[in-house]
Structure formats: structure tokens, C-alpha cells
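The next block holds one structure in the form of C-alpha cells; read it before the comments.
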Amino acid sequence: SVPVSSALLEGLNPRQREAVLYRGPALLIVAGAGSGKTSVLTRRIASLLETREAWPSQILAITFTNKAAGEMRERVRHLVGHAADGMWISTFHSACVRILRREAEVFGYASGFTIYDSGDSRPLLKRIIKQHEADVMGFSVANVAAKISKLKNELVDAETFSRQVNLADPKEAMFLTMFREYSRTLQAANAFDFDDLIAQTVYLFRAFPHVAEPYRRRFRHILVDEYQDTNHAQYALIRELTKPAPAIEPASLTVVGDSDQSIYAFRGADIRNIIEFEQDYRDATVVLLEQNYRSTQTILDAANAVIANNFDRKPKNLFTAGGPGAKIVGFTGYSGHDEAQFVADEIEQLHREGTEYREIAVFYRTNAQTRALEEILIRSAVPYRILGGTKFYERAEIKDAMAYLIAVANPADALAVRRILNSPKRGIGSVTETQLANFAERNGMTFRAALRHAGEQGFGPKIAKAITGLSDLLDEATALTAPPEEGMAPVPVFDVLALLMNRSGYVDALRASKDPQDEARLENIEELLAVTKEFQRNNPDGLLIDFLTETALVAAADELDDTSGTVSLMTLHTAKGLEFKAVFLTGIEEDLLPHRMSANEPGGPAEERRLFYVGITRARERLYLSLAMTRNSYGETSVSAPSRFLAEVPAELIEWKQSPGMAGPGGGSRVAGSLAWGGSSSGAAGGGAAQQKPKTEWTNRVTGKVRDNGDLELAVGDRVKHDDFGEGRVQGITGTAAKRIAEVQFDSAGRKRLLVKVAPIVKL
Ligand code: ATP
Ligand code: MG
């Protein structure tokens with residue numbers, strides 16, 4: 001056995017200890033929620049470093065989100081200090097980007113490749129579908145995107161697909177044409193979409209063994225969290241890295257997972273990866289953990305009872321040494337607003353009793369459910385934030401600014417250059433754009449290179465000048481971002497972005513605009529500038545391409561910020577791996593959970609049940625289950641039914657609270673009466689709420705220079721003074737550093753959201 005210090009093993013149960021101390025080729029830790037899987041993985045890494053069995057550079061740990069990676073790094077650092085630094089702890093996507101940036105040149109990509117998210121690839125697919133008039137055959141952006149993604153996750157590229165497809169079927173032939181064109185366009189643009197990142201890395205390793213070899217040699221210990229949600233491509237990547245090779249001992253592999261928490265089958269996750277692990281890795285040792293350290297027994301009883309309804313699973317019973325804890329609170333609201341009011345009231349109650357807002361989370365199945373919740377939470381002055389809902393990087397002006405940066409970093413990316421061609425308006429229309437594209441094609445050059453030849457294409461002098469101006473600006477910025485000489489700091493991304501935004505006239509155009517929206521856009525640009533500043537502070541040697549990588553890979557749960565005093569709202573999918581003292585599961589209704597879309601999917605309802613199970617098991621002490629009898633959507637009121645899953649929770653575990661003014665369960669006549677009442681009044685209530693809802697806006701002005709309140713200490717309750725809005729009181733703080741936002745109730749100007757770093761405020 002290995003001399004692991006007792007401090008590292010402290011508090012672990014015998015099974016957990018076994019998992020930490022295991023030394024051998026393959027270890028599978030299968031265990032229920034909250035049983036310490038992630039904790040054990042962390043300690044295992046620490047033990048390998050502590051005993052010097054491994055150097056940090058020999059460890060590759062894969063987590064599901066960047067946030068989880070950061071957390072794990074912190075925990076390892078806490079255990080073994082700065083030995084943690086050279087270690088690869090990252091998501092599948094980040095690890096693959098790192099590999100591709102170094103190696104992609106062997107198969108014809110430049111290391112400055114662009115990463116396309118769905119916001120980039122959807123317009124492209126839309127164009128392709130339109131061009132082939134494929135919509136009349138029933139193709140939509142959504143179904144083409146989903147099918148391409150699914151194929152890529154199964155490592156089927158367009159060429160492989162062309163060999164499987166039945167070309168006599170016009171629909172399949174059409175799909176193949178579009179798949180090919182999509183792939184070709186990405187390749188020409190030196191771009192990968194999210195699924196490519198993994199699939200192309202696998203392809204790279206398989207096609208070029210000499211590229212794979214240093215990685216097989218380097219990573220001696222590979223550890224994967226949330227293994228139940230890996231898809232085939234991810235599975236294959238791990239397979240490649242642990243493959244026996246001449247004169248290389250295969251890496252030791254540890255995977256950790258819970259098949260009851262597999263919730264990504266719709267994205268190609270393959271639960272068989274965990275079930276078949278023992279067959280794939282013949283010498284694997286399996287460790288089972290059953291003791292739960294997170295939740296009360298009441299919560300676990302509910303979780304156990306619900307998941308027992310799924311067939312085809314290994315029976316597993318979570319238990320805790322802690323007590324039964326409080327009962328689950330159930331609530332049936334009359335309407336979605338009613339339900340939201342219940343949530344807000346209970347949150348306030350918990351808060352009064354000493355639970356911090358950040359210890360509370362509200363989950364829902366679909367994003368559409370947030371509207372009612374938000375309205376009521378704002379009205380109740382409960383500070384909250386939505387994870388995965390901000391979509392900062394999806395805003396048009398942010399996309400524009402990023403396209404400028406991408407055009408500089410990846411000159412082959414025609415999409416990026418075309419996006420900024422007439423943004424801000426330079427009088428360059430679509431005819432000119434097409435002409436440039438044709439010129440590029442005829443002369444075998446990139447779209448960006450074609451800009452340099454504006455004088456040879458017969459454009460009028462004004463247009464030619466505008467194109468040349470843009471081209472010169474991009475060239476100048478590219479020169480700025482050239483890798484610095486040894487020992488020199490790179491030009492900060494902030495300077496590059498500021499140059500692009502100012503000299504292109506983008507900022508001036510927004511400033512000159514009379515459209516009130518444009519002021520908000522200006523502020524968003526400024527926020528992005530603040531983000532680049534923050535990036536440079538954290539990565540003094542960071543290059544533009546590192547900044548683009550980081551911003552491309554932000555996942556929803558990455559936005560969670562433990563230090564902020566806000567309630568977290570998120571979908572059930574985002575909640576995976578997280579824990580909170582109090583959890584509200586809302587909308588426990590048929591058609592929402594299980595979602596109506598799941599009914600037609602094989603295994604759909606079972607996956608929805610696992611989603612419910614994931615939600616329940618996030619709670620440490622208090623669990624709330626709520627539903628509404630009616631919901632408003634698109635101005636119509638629909639009547640809903642309680643979820644079948646609700647009946648699977650043993651009745652004695654739940655204490656039901658009703659909607660105010662409603663009879664007990666099954667209070668039929670009363671309900672029918674109020675239905676009529678609610679149907680007519682809910683529209684009015686909605687309108688009233690819309691009026692009451694304070695306008696949220698970014699209130700700092702662009703002054704030409706970025707103001708820096710980075711170090712300003714602010715807390716809920718502080719009084720502040722704003723240049724324009726006068727005095728007010730801080731109601732909530734969200735985000736950190738450059739993204740820290742204060743919600744301030746001004747005495748006369750109403751409620752505003754301010755980006756602290758740049759807002760013209762002082763603390764009183
Ligand atoms: P999930 O399935 O939700 O990902 P998990 O199995 O990864 O859960 P962890 O998040 O590692 O579980 O642990 C759940 C909680 O239990 C954490 O708060 C962790 O600190 C705590 N915990 C784990 N093991 C122990 C232990 N031996 N003693 C005390 N607390 C523990
Ligand atoms: Mg975990």
C-alpha cells in the first residue's frame with residue numbers, strides 16, 4: 001500500500017478510502033447522488049500527487065463544466081498546494097481545444113481556428129437549407145442541426161455517412177448534401193463546432209498515431225467525473241488515450257458515475273458506456289458507494305422511491321447517517337403566478353430564518369417557466385440570477401465585437417469577416433458582399449484577402465475606400481496580436497478590442513444613434529471591454545486566441561458564483577453535480593415533467609424521471625415541490641395536471657400547502673369557480689405586472705475611457721450615490737470582478753442594474 005497521509009483520508013468511509021487508495025489499471029466508482037464521487041476523485045488526485053506517484057503534468061481530470069474544473073483545482077490546491085498548477089483539469093471540450101490548438105496543423109487547420117456555437121452554425125444551416133429549398137422537404141434548422149450533432153457524436157462524418165446512406169431516398173440524399181456543405185464551409189473557415197472539437201480530436205489521434213503518442217505517454221492517470229453522460233465520441237477519446245501502445249504502459253483510468261443521473265441521452269450520451277465499462281476494461285475494479293452525505297433521509301427516501309420506478313437499473317438505496325430532517329413541502333398553486341408567489345414567500349421565510357440566498361435554488365424544466373418567477377421575485381425584492389439565461393455572448397453587438405476579434409485571429413473565417421463588413425454601416429450592400437465572395441473564390445483566396453484587392457473589382461471609390469479601410473484596420477490589429485518575442489508581454493486583448501471598436505466607427509455609430517436601445521448596446525460593449533481587462537489580469541501572458549477560447553466555452557453552470565448573495569434559478573439539466581441547502585422544484589406537472597416532447601422518445605419518460613431524481617438529490621435540508629393548475633402561455637390559459645412522478649413520492653413525506661383561498665386537494669367546485677375567475681383576470685394581472693416590473697438596464701455611460709471601480713467594496717444594504725440617479729440602496733450583488741452587477745433601488749430613479757466596475761457610483 002501507499003503512504004498516503006492520514007489528513008487526506010480523514011473522514012472518509014471505508015469504501016471511499018478504498019477508491020482513493022486503489023492503484024491499478026481501471027477503477028469504476030458507481031454510486032448514487034451525493035455519495036462523495038466528486039470528492040473521492042479529488043482526493044484520489046491529491047493522494048497521487050502527495051505520494052509523488054504522479055507529477056501534476058501526468059494527470060488529466062475531466063469534469064462536466066469549467067466551474068467544476070475550477071472547483072476541483074481549488075480543492076486539490078487546498079490539499080497539496082501549488083503542485084496542483086500544471087495539471088489538466090478541464091471539460092472534454094477544453095481539453096480537446098488545447099490539443100487541437102497545438103496539433104491541428106497536421107491535418108490542415110491553423111491553430112487560430114474559430115469555435116462555432118449554435119448561434120454561429122444555425123444561420124449557416126439556415127442559409128444552406130434555403131439555398132437547396134430543403135424546407136419544403138420538411139427540413140428545419142433545428143432538425144438538421146440535431147441530426148448533424150448526433151452523427152458527429154457517433155463519430156460519423158459526412159464522408160462516412162455517404163457510405164451508409166440510401167441515396168435513392170431523396171430526403172436522405174438531400175441531408176447528405178447539406179451535411180457535406182456544412183462541413184466544407186466550416187473547414188474552409190478554419191472552424192470547428194462544439195461536436196467537432198471532440199470528434200476531430202479522436203480522428204486526429206486515430207489518423208496520426210505519432211500525434212497521439214506523446215499524450216498517451218504523458219497522461220499516466222486519467223479521471224472522468226459524470227461518466228454516465230459521456231457520448232460515444234467522448235468514450236472513444238478516453239479509449240484512444242488509454243490504448244496500449246508499443247513501449248507505453250496504458251494510463252490508469254478512473255471513471256465515476258451514476259446511471260440514475262444520466263440525463264443527456266438526447267445529446268447522444270450513452271448510458272452503456274458505464275454499464276459496459278467492466279467489459280471494456282477487463283481488469284477494472286468496481287467500488288460502490290451508498291452512503292449519502294448531502295441530504296436528509298426524508299429527501300433520500302423520496303429520491304429512492306421515485307427512481308425505483310425505472311426499469312433496467314441496478315437497485316440502489318441511498319441512506320444517510322444524519323436524521324430524517326424536515327418534511328418535503330408541496331404546493332399546488334392556482335396559476336403560475338400563484339406558484340411563483342409561494343416560492344418567493346418561502347424564500348423570504350428561509351432568509352429570515354438565516355438561510356443565505358446563495359444557499360437557495362429554484363429549478364424548472366423549461367426556460368419559459370422563468371417569466372412568472374422573475375416577475376414575482378423582482379416584485380418581492382428577492383435577489384436572484386438565472387444561470388444559462390443571460391446569454392451575454394449571444395447579443396448582436398457582442399457577436400459583432402467578437403466577430404471583429406475572430407476576423408483578426410482567424411483570417412480564414414469568412415463568416416466573421418462578412419458579419420462585420422457592413423457593421424457599422426459603411427454603405428456596403430449584399431451585392432458588393434457577393435462580388436467580394438466571388439472574387440475570393442475565383443482567385444483561391446480568403447474572403448478577408450479579397451478585401452485587400454478592393455481596387456481591382458470595379459467598385460465605386462466610396463465603397464472601395466470603405467473596404468480598404470476595414471481591411472487595413474484588420475491587418476493592423478493582426479500585426480498587434482502577433483506572438484510576442486521571448487520574455488515580452490503580449491499586447492493586451494483590451495487594446496486590440498478598443499482599437500477595433502473605436503477605429504471601425506462601431507462605438508461612434510452607437511453613440512450618435514437616437515435609438516435608446518443603442519445606449520444599452522454601448523454599455524454591453526463596455527462590459528465586454530471590462531471582461532478583456534479581467535482576462536488579462538488573470539492571464540498576463542494570455543493571447544487573443546486564449547481569450548476567444550475561454551469565452552467560447554462558457555457553460556451555464558460556470559456562471560454560478562458562490563460568493564454572491566443571490567438565489568440561483570436554472571433548468572434541471574444545469575443543476576447536475578451542484579448542491580444547495582434549499583431547493584424548489586417547480587412545475588411538477590404532466591407535459592412539463594415529464595416534458596411533452598419526451599412522450600414519443602423511446603426511454604423518454606425514464607430519462608425525465610432521472611431528471612426529477614437529479615433535482616431532488618441537489619437538496620441538502622429543504623425540498624419544495626410545486627405545481628400550478630393553470631399556466632399562461634402566449635396569452636392563453638391552459639389547464640395542467642399533476643405530474644405522474646408526484647404520486648411516486650410517498651405521501652407521508654410531503655406536507656401539502658395550498659394556494660390561498662383554495663380548498664384542499666380535490667376541492668373541485670371551488671377550483672372550477674376560480675378557474676373562471678382566473679381565466680379572465682390573469683391577462684390583466686399579467687399586464688399590471690409588466691407595468692410594475694422595473695426596467696432593467698445598464699446604466700453606465702460610455703465616456704470613451706473605462707472607469708474602474710474594480711476594488712470598490714459593496715454589499716447588500718450599502719448606500720451609494722450615482723452621478724445621474726442620485727442616492728439609493730444596494731439590493732443585490734451578482735457576478736464577480738468585471739462582471740459584478742449591483743441591483744440598486746434608487747430613492748427617486750427606481751431600480752437599476754449597474755455594472756459596478758464602470759458605473760459612475762460612489763459608496764456613501
Ligand atoms: P453527485 O452525484 O450529485 O455528483 P457526488 O457523489 O459527486 O454527488 P459529492 O458532491 O462529492 O457527491 O459529495 C456530496 C457532499 O457530501 C459534499 O458536500 C461533500 O463534501 C460531502 N461528503 C462526501 N464524502 C463525505 C464524507 N466522507 N464525510 C463527510 N462529508 C462528505
Ligand atoms: Mg459529483
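The values are calculated or read from the model by the stated rules, or taken from the named source; none is laboratory data. In this text, all values refer to a predicted model and were calculated from it rather than measured experimentally. Glycine gets a Cβ as well: all are built from the backbone with ideal geometry, and neighbour counts include every protein chain shown.
Scanning region 391-429 for residues that are in a helix (DSSP H, G or I) and among the acidic types (Asp, Glu), we see that the one that is farthest from THR478 (Cα to Cα) is GLU394.
Note on region 241-267: among residues that are without any contact (Cβ under 8 Å) to a residue 40 or more places away in the chain and charged (D, E, K, R), the one that is surrounded by the most Cβ atoms within 10 Å (Cβ to Cβ) is LYS243.
Scanning region 9-32 for residues that are in a loop (DSSP other than H, G, I, E, B) and near ligand 1 (Cβ under 10 Å from one of its atoms), we see that the one that is farthest from GLY81 (Cα to Cα) is GLY32. Residues of region 33-80 that are assigned to a helix (DSSP H, G or I), surrounded by fewer than 22 Cβ atoms within 10 Å (Cβ to Cβ) and touching a Leu at 6+ places or on another chain (Cβ under 7 Å): GLU50, PRO56, ASN66, LEU79, VAL80. For first residues located in region 33-44 and under 8 Å from GLN16 (Cβ atoms), partners that are near ligand 2 (Cβ under 9 Å from one of its atoms) and lie 6+ apart or on another chain with Cβ distances below 8 Å form the pairs VAL40/VAL256. Residues considered: ALA247, ALA265, ALA251. Of these, the only one that is among the hydrophobic types (A, V, I, L, M, F, W, C), at pLDDT 90 or above and away from ligand 1 (no atom under 16 Å from the Cβ) is ALA251. Quick check on THR42: is it in contact with a Lys or Arg (Cβ under 8 Å, 6 or more places away or on another chain) and within 13 Å of ligand 2 (Cβ to nearest atom)? Considered against the rule, which asks whether it is in contact with a Lys or Arg (Cβ under 8 Å, 6 or more places away or on another chain) and within 13 Å of ligand 2 (Cβ to nearest atom), THR42 comes out as yes. Scanning region 98-127 for residues that are crowded, with 20+ Cβ neighbours inside 10 Å and farther than 30 Å from HIS210 by Cβ gives ASP120, SER121, LEU124, LEU125.
Please work out if VAL224 is within 16 Å of ligand 2 (Cβ to nearest atom), under 29 Å from SER111 (Cβ atoms) and aliphatic (A, V, I, L, M).
Yes, satisfied.
For the condition in contact with a helix residue (DSSP H, G or I) (Cβ under 9 Å, 6 or more places away or on another chain), of a type in the set (S, T, N, Q) and part of a loop (DSSP other than H, G, I, E, B), SER94 does not qualify.
Of the residues that make up region 706-729, is at least one among the aliphatic types (A, V, I, L, M), modelled with pLDDT under 65, farther than 25 Å from ILE376 by Cα and not in a loop (DSSP other than H, G, I, E, B)?
no
With the checklist (1) in a loop (DSSP other than H, G, I, E, B); (2) buried (at least 17 other Cβ atoms within 10 Å of the Cβ) in hand, flag the one item GLY487 doesn't pass. If we test GLY487 against (1) in a loop (DSSP other than H, G, I, E, B); (2) buried (at least 17 other Cβ atoms within 10 Å of the Cβ), just (2) comes out false. Residues satisfying the criterion are absent from region 1-13 (criterion: buried (at least 21 other Cβ atoms within 10 Å of the Cβ) and either more than 16 Å from ligand 2 (Cβ to nearest atom) or closer than 21 Å to LEU578 by Cβ (or both)). Could you tell me whether region 54-71 includes any residue that is within 13 Å of ligand 2 (Cβ to nearest atom), β-branched (Val, Ile, Thr), touching a residue at least 12 places away in the same chain (Cβ under 8 Å) and in contact with a Phe, Trp or Tyr (Cβ under 8 Å, 6 or more places away or on another chain)? Yes, the conditions are met somewhere in region 54-71. For region 384-443, taking the residues that are of a type outside the set (A, V, I, L, M) and in contact with a strand residue (DSSP E or B) (Cβ under 8 Å, 6 or more places away or on another chain), the one that is nearest to ALA191 (Cα to Cα) is identified as ASP413.
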